[in-house]
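The values are calculated or read from the model by the stated rules, or taken from the named source; none is laboratory data. None of these values were measured; they are calculated from a predicted model. Please note: Cβ atoms are built from the backbone with ideal geometry, for glycine as well, and neighbour counts cover all protein chains shown. All accessible areas refer to the heavy atoms of the entire protein, side chains included, with ligands and DNA or RNA removed. Shrake-Rupley method; radii C 1.70, N 1.55, O 1.52, S 1.80 Å.
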Amino acid sequence: MKRIAYFVLMFSLLLSACATPTSVPPTAVPAPTVDAMIYKDPAQPVEARVDDLLARMTLDEKIGQMTQVEKGSIQPGDITKYYIGSILSGGGGSPAENTPAGWTAMVKGFQDEALATELGIPLIYGVDAVHGHGNLLNATIFPHNIGLGAANDPALVEKIGRATAEEMLATGIPWNFAPVVAVVQDVRWGRTYEGYSENTALVSSLGTAYINGLQTLPDGYQPAPGQTLFTLATPKHFVGDGATVWGSSKSGDYKIDQGDMQVDEATLRKLFLPPYKAAVDAGALSVMASFSSWNGVKMHAQKGLLTDVLKGEFGFSGFIVSDWQAIDQIDLDYYKAVVTSINAGVDMNMVPYDYIKFITTMKKAVSSGDIPQARVDDAVRRILRVKFALGLFDHPLPDSNYQQTVRSPEHLALAREAVSKSLVLLTNQNQALPLSKDTQTIFLSGSGADNIGMQTGGWTLQWQGVSGNSTAGTSVLAALQSAVGPGTKLVYDPAGVFKDQSAKAEIGIVVVGEQPYAEGVGDSADLLLNYKDVTKVSNMRDHAEKVVVIILSGRPVNLNGILPYTDAIIAAWWPGTEAAGITDVLFGDKPFTGKLPYTWPRAASQLPLNSNNADGKTGCDGPLFPFGYGLTTSDPSPKLPECNP
Ligand code: GLC
């Protein structure tokens, strides 16, 4: 209705301008033509464009902007019909043709539907490119954040953010649901690896570096008028997702993921809020709310934190997106859940399935006054502001120029460098490392020896990751084959028994670790290694002079079963596709520089154990290796006390 009134006014102005010029002075400026829409004028300031557009929108169009749907659930034509403002791919949400061209075609198809609406508001497509564009087949996959925390190199992390942005844009996607800026207090959490560290300052430093990498316009880049963002970062999950208490989760059989953070406000402000203040100060314009709770109240219902602290105290001018169907967890009564969360400050709902139910509920809540119109206008203003900041109004369609950046030599070299810097040398008895490239015989075994899926971990190809060699990359086996000298005999036995070998090898390498997982599926009560891997380590002791263990894991794991059989142990975390970064350090071409970003416990029974609560815990009561620990090959290996795990 509003828009009709607008056009009647414009038309009458037009008529008066065309009337016999008796009433209009000859120098009058012609009335604005109907299509002189400020929001469409790139020369106008962003806020003026937002104001103009908001004033033209109906309630339906506004609610559509607050609605995010997963790409498999949106029906053809419904983006136009319901003015949907955002589409996402969840973990594994790839198109049938999982190539940059296939992704670009999918994103363009959705965008064309959005542009077909009367106001032509472009949609924004989001994805979890948390360690590279993990959903994209044959993408460059970097170490997960735990490895970047061990590397502790902000400039490197910023470059990874930029490279990730380029491979996202190669698929037409400008929005990354990353970085996780959780300050993780209990490594039994299945999302430990998505966090950089247990240490607040380290998380703030690397989180803002990554945001800068994603968002800063590259030198020489030609932005659209008003465009300030290269791609959009989303620090998550606000707030305290990594501080929940074991056993407090009420989500299915999850134990700590989506659980309850039980701390006072002083601790919240000291440990868990600073990374968000840093992110906002670094220009973050989207934040994702957490599934978890604070002292029994769901974060998606915490107005005091979402609105008063994040938007008010921190001055956050972007929009808050919910997590996946997280609003539904607030109350069994969906109407109450929606009213509570939107009024608390959530601006966009990652529905992500039944969008018609959400839209209908919103209309009812606004019509009844339970959700004030002003709250809707504030949410939509924030969303539109970000879409203008991304330049989406002026170039809404994907730019195929970035397709050649996927697994480019530059990106692969960057990933390989990151792997090398992420490694932490835990023990090095008998000067086992570095290895000589002239080593006569090397035996290799372990579940991770030829398994790129165990290198990449969760959020890769599928939500839970995919074990095995399903995407392009270099396995540890392949890296060793390339690294050893011509005189070296490398024997790989997946079974780890080497029964055909008459003599011992000089060096035995066993690559152990965790099979991929994501979120609460990875919550672990014991952090134990697979017993088959433990057996292979003890077997290797009988077949090699020196035994080196490489751990591919999303977190510190229980080492008690392998310590007695090893000379050297390397924490490689989930390093991604470029294992040559491991052999670069194994053979001394690069030094070990990584330091533990998390306290390494002796056993899960000690947890939660971290640098925020380990004071005074020494000997067998203390950690196996403390936060910040890491050897170089010239350091003496510590004598570890005998403890009953
Ligand atoms: C998931 C995760 C969140 C992710 C979102 C979309 O449940 O909690 O980190 O961004 O859904 O995949």
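Across the protein chains, with a 1.4 Å probe defining accessible surface, the residues PHE110, PHE592 rank PHE110, PHE592 from largest area downward. Computed across region 411-621, the Kirkwood hydrodynamic radius from all distinct Cα-Cα pairs reaches 17.4 Å. Pairs spanning more than 20 Å between alpha-carbon atoms, out of LYS617/LYS639; LYS71/LYS303; LYS255/LYS357: LYS71/LYS303; LYS255/LYS357. Only one residue of ALA505, VAL521, PHE443 has its Cα farthest out toward the positive end of the dipole of the chain, where Lys and Arg carry +1 and Asp and Glu -1 on Cβ, and that residue is VAL521. If I model region 48-123 as equal point scatterers sitting on the Cα atoms and use the Debye formula, what is log10 I(q)/I(0) at q = 0.13, 0.14 Å⁻¹? Those come out to -0.41, -0.47, one per q. Under a 5 Å amide H cut-off, with hydrogens placed 1.01 Å from N, LEU232 pairs with TRP175, ASN176 among residues at least 5 apart or on other chains. The residues neighbouring THR244, those whose beta-carbon lies less than 13 Å from its own, together hold a net charge of -1 under the Lys/Arg +1, Asp/Glu -1 convention.
Note on region 429-559: Lys pairs 8 or more places apart or on different chains, Cα atoms under 22 Å apart, count 15.
Highest average first, the peptides 210-219, 422-431 ordered by how many other beta carbon atoms sit within 10 Å of their residues are 422-431, 210-219. Here's how it looks for ILE371: its modeled amide H is under 5 Å from those of VAL366, which are all 5 or more places away or on a different chain. Each distinct pair of alpha carbons in region 254-349 adds a 1/r term; the inverse of their mean, the Kirkwood radius, is 13.6 Å.
In this simple spin-label approximation, LYS40 and ALA413 carry label points 7 Å from Cα along the Cα→Cβ vector, and these lie 4.6 nm apart. Judged by the mean number of other Cβ atoms found within 10 Å, the most tightly packed of the peptides 598-605, 221-228 leads the ranking 598-605, 221-228. Modelled spin labels at ASP60 and THR632, positioned 7 Å past Cα toward Cβ, are 6.8 nm from each other. The spacing between region 349-384 and region 475-545, judged by their C-alpha centroids, is 53 Å. Extension gain for VAL497-ALA525 works out to 7.1 nm (0.36 nm per residue, less the C-alpha to C-alpha distance). Using θ = phi - 60° in the Karplus curve 6.51 cos²θ - 1.76 cosθ + 1.60, the 3J(HN,Hα) couplings for region 184-194 round to 6, 9, 9, 6, 6, 5, x, 10, 3, 5, 6 Hz; x is entered for Gly and Pro.
Kirkwood Rh and Cα-based Rg: tell me the resulting Rg over Rh for region 36-404, rounded to two decimals. Rounded to two decimals, Rg/Rh equals 0.94.
Rounded to the nearest Hz, the phi-derived 3J(HN,Hα) couplings of region 434-443 under the Karplus curve 6.51 cos²θ - 1.76 cosθ + 1.60 (θ = phi - 60°) are x, 7, 8, 6, 9, 3, 5, 9, 10, 9, where x marks glycine and proline.
Full extension of the chain between LYS504 and ASP354 yields a length gain of 47.8 nm, computed as 0.36 nm times the residue separation minus the alpha carbon distance. How high is the FRET efficiency between ALA116 and ASP589 when r is their beta carbon distance and R₀ equals 51 Å, given to the nearest 0.05? The formula returns an efficiency of 0.40 here.
Extending 7 Å from Cα along the Cβ direction at ASP621 and again at ASP438 yields two label points whose distance is 5.2 nm. For region 130-252, the equivalent ellipsoid derived from the Cα gyration tensor has semi-axes of 27, 15, 14 Å, listed largest first. Cα centroids of region 425-456 and region 557-611: 12 Å apart.
The calculated Kirkwood hydrodynamic radius for region 494-547 is 12.8 Å, given to one decimal from all distinct C-alpha pairs.
The slack in the chain from ASP399 to ALA224, taken as 0.36 nm per residue of separation less the alpha-carbon distance, amounts to 61.7 nm.
When you work out D = kT/(6 pi eta Rh) for the chain at 37 °C and 0.692 mPa s, using the Kirkwood radius from C-alpha pairs as Rh and the Stokes-Einstein form, the result is 126 µm²/s. Summing Cβ point charges (Lys, Arg +1; Asp, Glu -1) relative to the Cα centre of the chain gives a dipole of roughly 280 debye.
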